[in-house]
């Protein structure tokens, strides 16, 4: 038996938290009945469907792509308002889903994967995976503002705007923009240039690439460390 949200993640439907949201929204059925949050299934016996489409019970090869998300594209596979989504930039098969989000006005590295467990580790705050954002902003960059933001590689441009990098280890919605606004800075451009060990480099906007061998090794190490952390957390104490 396996928890239903983990089953959906391992079959490339979505990450675990999104799976729980689908279950709560009554979009998942088990043997024809509406699924319950927290329940377990036996992939060899139970028929699991999402929005009426059966989930393949076999575990497919796990794949991850690096996408340079352009400005104006929403980080969803389907948009109810008809806006252009990242689905238009990804292969139709297998079904990739985004790891976290970038807002519509931001650009940069977006990992898209079929591996729900990888998505969970990369986005869960307890694992503290670092993300680097490059900002161009207008306003007064004082020393106290620089320290409050943790701004790195700060530079004033000829047009009076500032460029700098910010590192985050959790992904709250529009966090960099809110942090800057609180210090009187107006963000003009925002790009995520690194997500964990994966850098955007020279990948053109709107394009995808496979992980490099070094990136795969680094992500595998991250997953092993996460597994050890999980085992240590559940070990009984004397």
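The values are calculated or read from the model by the stated rules, or taken from the named source; none is laboratory data. Since the model is a prediction, treat every value here as computed from it, not as a measurement. Because the Cβ atoms are built from the backbone with ideal geometry, glycine has one as well, and the counts that use them run over all protein chains shown.
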Query - Single match in 196, 128 (criterion: at pLDDT below 95 and under 28 Å from residue 212 (Cβ atoms)) - result: 128
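Let's see how each residue does on (1) within 18 Å of residue 118 (Cα to Cα); (2) surrounded by 11 or more Cβ atoms within 10 Å (Cβ to Cβ); (3) not assigned by TED's automatic domain parsing to the domain that holds residue 124:
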| site | (1), (2), (3) |
| --- | --- |
| 156 | no, yes, no |
| 160 | no, no, no |
| 168 | no, yes, no |
| 189 | no, yes, no |
| 227 | yes, yes, yes |
Query - Selection status of residue 74, more than 22 Å from residue 204 (Cβ to Cβ) and touching a helix residue (DSSP H, G or I) at 6+ places or on another chain (Cβ under 9 Å) - result: no
Query raised in the report: Given the range 151-238, what strands (runs of 3 or more DSSP E) lie entirely inside it while holding 2 or more residues that are in contact (Cβ under 8 Å) with a residue 60 or more places away in the chain?
Result: 186-195, 208-210
Report task. For the range 90-113, enumerate the residues that are under 29 Å from residue 223 (Cα atoms) and more than 16 Å from the chain's Cα centre (by Cα). Result -> 91, 92, 93, 94
Query raised in the report: Taking the range 40-57 as the region of interest, how many residues are more than 20 Å from residue 119 (Cα to Cα) and surrounded by 15 or more Cβ atoms within 10 Å (Cβ to Cβ)?
Result: 5
**Report entry** the range 23-39: number of residues that are surrounded by 14 or more Cβ atoms within 10 Å (Cβ to Cβ) and either part of a loop (DSSP other than H, G, I, E, B) or at pLDDT below 95 (or both)
**Finding:** 3
Report task. Evaluate the range 58-80: report whether one residue or more is buried (at least 17 other Cβ atoms within 10 Å of the Cβ), closer than 22 Å to residue 112 by Cα and over 16 Å from the mean Cα position of the chain (by Cα). Result -> no
Report task. Could you tell me which of the residues 111, 147, 118, 122 is without any contact (Cβ under 8 Å) to a residue 60 or more places away in the chain and not in a loop (DSSP other than H, G, I, E, B)? Result -> 147
